[in-house]
Amino acid sequence: MNEIRSFIAINLPDEIKVKLESFVGELSQGRPWVKWVEASGIHLTLKFLGNVAIEKVKEISRVVEQVSHKSDPFKLEVGGLGAFPSTLRPQVIWVGVGGELEKLATLQEKIDDGLAGIGFAPEERAFTPHFTIGRAREGADLASRRELGNKLQSMRDQFFGSFTADGVTLMRSQLTPNGAIYSELAYFGLGACQG
């Protein structure tokens with residue numbers, strides 16, 4: 001195949017993934033109608049690229065590397081719970097992001113602008129940073145969704161830790177019947193991390 005499904009993301013340190021794995025394990029009990037994300041696959045998407053030609057990967061990497069070199073590392077906090085479109089009708093279940101959000105938004109915007117210059121449509125929706133931990137399966141009933149929404153509301157102050165975002169990763173996403181398999185195509189350290 002000449003195309004790969006890919007995206008650009010900030011990955012979590014292992015110690016936070018371990019905490020999320022334990023938390024998702026508890027939250028998933030009795031809720032088989034949600035497709036829960038494996039802890040190893042939890043990430044903060046900066047730009048979803050979709051299917052891209054393999055030949056284009058070098059060009060994408062060049063743009064992301066240039067932006068990364070001009071951006072400094074920043075602190076992020078992982079905590080808070082919620083859902084899209086709302087906790088009244090959760091479809092996508094997420095953990096929130098705090099910390100130096102202006103720096104995060106600037107990095108995302110610069111990546112988006114840079115990639116627009118090589119043919120990727122700019123994001124139309126506002127950037128809403130989050131870590132997806134689950135997605136409701138088709139046919140999930142409203143009562144079950146509301147029950148989970150109430151649970152998320154009651155636990156919305158959950159905190160999983162903070163870390164320094166010091167790089168971004170170009171990721172490959174391979175869709176399988178058991179969920180997506182993610183692999184790293186390239187890693188780009190932020191500014192001061194270029195040693």
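The values are calculated or read from the model by the stated rules, or taken from the named source; none is laboratory data. In this text, all values refer to a predicted model and were calculated from it rather than measured experimentally. Cβ coordinates were reconstructed from backbone atoms using ideal geometry, including for glycine residues, and neighbour counts include every protein chain displayed.
Quick rundown of the values:
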{"read-out": "Residues located in the stretch 108-125, provided they are of a type in the set (A, V, I, L, M) and either in a loop (DSSP other than H, G, I, E, B) or touching a residue at least 40 places away in the same chain (Cβ under 8 Å) (or both)", "value": "111, 115, 118, 121"}
{"read-out": "Conditions (1) more than 22 Å from residue 32 (Cβ to Cβ); (2) not in a helix (DSSP H, G or I): number failed by residue 133", "value": "(1)"}
{"read-out": "Flag if residue 127 is surrounded by fewer than 17 Cβ atoms within 10 Å (Cβ to Cβ) and touching a Gly at 6+ places or on another chain (Cβ under 6 Å)", "value": "no"}
{"read-out": "Flag for residue 39 being touching a residue at least 24 places away in the same chain (Cβ under 8 Å) and either among the small types (Gly, Ala, Ser) or in contact with an Asp or Glu (Cβ under 7 Å, 6 or more places away or on another chain) (or both)", "value": "no"}
{"read-out": "Where residue 92 falls short, out of the listed (1) in contact with a Ser or Thr (Cβ under 8 Å, 6 or more places away or on another chain); (2) farther than 30 Å from residue 3 by Cβ", "value": "(2)"}
{"read-out": "Yes/no for residue 140 being part of a loop (DSSP other than H, G, I, E, B) and modelled with pLDDT under 95", "value": "yes"}
{"read-out": "Where residue 91 falls short, out of the listed (1) over 16 Å from the mean Cα position of the chain (by Cα); (2) of a type in the set (S, T, N, Q); (3) surrounded by fewer than 17 Cβ atoms within 10 Å (Cβ to Cβ)", "value": "(1)"}
{"read-out": "Identity of the residue in the stretch 31-77, within 22 Å of residue 160 (Cβ to Cβ) and assigned to a loop (DSSP other than H, G, I, E, B), that ends up nearest to the chain's Cα centre (by Cα)", "value": "42"}
{"read-out": "Qualifying residue in the stretch 80-87 (condition: touching a strand residue (DSSP E or B) at 6+ places or on another chain (Cβ under 6 Å), touching a residue at least 40 places away in the same chain (Cβ under 8 Å), crowded, with 18+ Cβ neighbours inside 10 Å and part of a loop (DSSP other than H, G, I, E, B))", "value": "no"}
{"read-out": "Residue count for the stretch 130-154, restricted to those that are of a type in the set (Ser, Thr, Tyr) and either without any contact (Cβ under 8 Å) to a residue 12 or more places away in the chain or exposed (fewer than 12 other Cβ atoms within 10 Å of the Cβ) (or both)", "value": "1"}
{"read-out": "Tabulated pairs, the stretch 1-12, first touching a residue at least 12 places away in the same chain (Cβ under 8 Å), second surrounded by 16 or more Cβ atoms within 10 Å (Cβ to Cβ) and in a loop (DSSP other than H, G, I, E, B), C-beta under 7 angstrom, 6+ apart or interchain", "value": "12/42"}
